[in-house]
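Report on the structure given below.
The values are calculated or read from the model by the stated rules, or taken from the named source; none is laboratory data. Here the structure is a predicted model, which is why all the values come from computation and not from measurement. As a convention, Cβ positions derive from the backbone with ideal geometry for all residues, glycine included, and neighbour counts pool all protein chains shown.
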Amino acid sequence: GATIGIIGSGQLGRMIGVAAAQLGYRIHVYAPDSGPANDVAAAHTRGAYDDGAALAQFAAEVDLVTYEFENIAAEPIAALEEQVPVHPSSTSLRVAQDRIAEKRFVEDLGGRPARWAPVGSRAELDAAIAAIGCPAVLKTTRFGYDGKGQARLASPDDADAAWAAIGDGPAILEAFVPFSHEFSIILARSPDGTVVSYPPACNVHKDGILDTSTVPAPAEVAAQWTEAAALAGRVAEALGHVGVLTLEFFCGPEGPVFNEMAPRVHNSGHWTIEGAETSQFENHVRAICGLPLGPVRLTGREAVMTNLIGEDADAWPELMAEPGAHLHLYGKREVRAGRKMGHVTRVVRD
Ligand code: ATP
Ligand code: MG
Ligand code: MG
């Protein structure tokens, strides 16, 4: 089979690798100099994410390139496209890695984010607070994940602390959304434009980190599924996206409020490994390799994915012994507070 190059050596790339191996592909991983290796990969290239020469050397060893996270420089990825197929493309990467770009892109397609304003300086933060009001959330435009790079403002008095907390911009200020639930839409799109879209997962966060994803989602979310999934489909189409794409939403009284997107497989889709007929990882591989996409129906009545954060993973013996619980451990050498060490998915079959 062909060799798939994956940029990034975290758990998402590892799970893409497991799915790819099952379909007969070889995996070559581009891993950061100081980061972990991916133990599923047949080969590694080491280098910085903005090192064009190292990336070109990596690309010469593979038949196509994908990536497992969006915090990589877009210019060298665009340069790689001259050399080898890259899915999703640098267009998807550029839009989804920047909160201003993704919000504008989605607004142009009829999506509704929370009220927001760009904030380039401390003075602009005051102007944004006057325009948006409080409570609000200040977020760096790039490099945020697991709630890092964010600060909440209960009142304008919090402006100094919030600005200090996120560093020195660029940022956006976003109105705080009084949501009843959070949910995500995950789809996979083929080069020929075929799309499969999973049922929405209802996501609960703890300390800014995803805690659980549940499918089917409750009725309030189900009522917003059609509109949210249609928007996600339009975004994928407009990007010419190939592979998995994720959109996160708040379920508010006036319909789905767009939060952010990720041009990749997503933590809120881990339930699909056992809970759907084809996992998000397999459908990502199928899409980027130009194969027919697999069905996304649930395999049971309900699937609940729970992240194992930090020392949660110490409970693995009990989880392994629990009937119906599917345990995944990511093989990380070092346990740290707030670090995703694994997850468990419970599928209710009857
Ligand atoms: P991820 O790990 O999903 O990439 P992230 O660091 O990019 O997360 P967001 O998804 O923007 O950050 O925010 C993290 C969480 O903080 C959200 O899932 C939600 O629970 C809360 N949050 C963020 N923005 C808002 C908002 N405008 N109103 C209410 N809650 C919010
Ligand atoms: Mg994010
Ligand atoms: Mg998020």
Open item on the list: As an exercise: evaluate Val137 against (1) modelled with pLDDT of 95 or more; (2) within 29 Å of Ile288 (Cβ to Cβ) and give the number of the one condition it does not meet.
Closed with: (2)
Task: Cross-chain or 6+ apart pairs with Cβ under 7 Å, the stretch 293-311 first and under 20 Å from Ala229 (Cβ atoms), then among the polar types (S, T, N, Q) and outside any strand (DSSP E or B) - done: Leu293/Ser190; Leu293/Thr194; Leu293/Asn283; Gly294/Thr278; Gly294/Asn283; Pro295/Thr278; Val296/Thr278
Open item on the list: Test of understanding: among Pro199, Pro178, which residue is surrounded by 20 or more Cβ atoms within 10 Å (Cβ to Cβ) and assigned to a loop (DSSP other than H, G, I, E, B)?
Closed with: Pro199
TODO: Could you identify the single residue in Val221, Val265, Val204, Val244 that is assigned to a strand (DSSP E or B), within 15 Å of ligand 1 (Cβ to nearest atom) and touching a residue at least 24 places away in the same chain (Cβ under 8 Å)?
DONE: Val244
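For Glu107, state whether it is at pLDDT 95 or above, under 24 Å from Ala236 (Cα atoms), more than 11 Å from ligand 1 (Cβ to nearest atom) and in the same structural domain as Ala59 (by TED's automatic domain parsing).
Values: at pLDDT 95 or above: yes; under 24 Å from Ala236 (Cα atoms): yes; more than 11 Å from ligand 1 (Cβ to nearest atom): yes; in the same structural domain as Ala59 (by TED's automatic domain parsing): no.
The answer is no for Glu107.
In the stretch 3-12, is there at least one residue being touching a residue at least 12 places away in the same chain (Cβ under 8 Å), in a loop (DSSP other than H, G, I, E, B) and in contact with a helix residue (DSSP H, G or I) (Cβ under 9 Å, 6 or more places away or on another chain)? Steps first, please.
Of the residues in the stretch 3-12, the ones touching a residue at least 12 places away in the same chain (Cβ under 8 Å) are 3-12.
Within this subset, residues satisfying the condition of being in a loop (DSSP other than H, G, I, E, B) are 8-10.
Checking which are in contact with a helix residue (DSSP H, G or I) (Cβ under 9 Å, 6 or more places away or on another chain) leaves us with none.
Scanning the stretch 3-12 turns up no residue that is touching a residue at least 12 places away in the same chain (Cβ under 8 Å), in a loop (DSSP other than H, G, I, E, B) and in contact with a helix residue (DSSP H, G or I) (Cβ under 9 Å, 6 or more places away or on another chain).
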- [ ] Test Pro253 against the criterion of being crowded, with 16+ Cβ neighbours inside 10 Å, farther than 25 Å from Gly144 by Cβ and either in the same structural domain as Gly310 (by TED's automatic domain parsing) or more than 16 Å from ligand 3 (Cβ to nearest atom) (or both), and give yes or no.
- [x] no
Open item on the list: Go through the stretch 75-99 and report how many residues are more than 21 Å from Val235 (Cα to Cα), assigned to a helix (DSSP H, G or I) and not small (Gly, Ala, Ser).
Closed with: 3
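If I ask for residues that are surrounded by 15 or more Cβ atoms within 10 Å (Cβ to Cβ) and either farther than 24 Å from Pro263 by Cα or in contact with a helix residue (DSSP H, G or I) (Cβ under 8 Å, 6 or more places away or on another chain) (or both), which ones from the stretch 157-168 would you list?
Quick first cut of the stretch 157-168, residues surrounded by 15 or more Cβ atoms within 10 Å (Cβ to Cβ) only: 158-159, 162-163, 166.
Matches in the stretch 157-168: Asp158, Ala159, Ala162, Trp163.
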Task: Single residue of Ala151, Ala217 found to be within 16 Å of ligand 2 (Cβ to nearest atom) and within 23 Å of the chain's Cα centre (by Cα) - done: Ala151
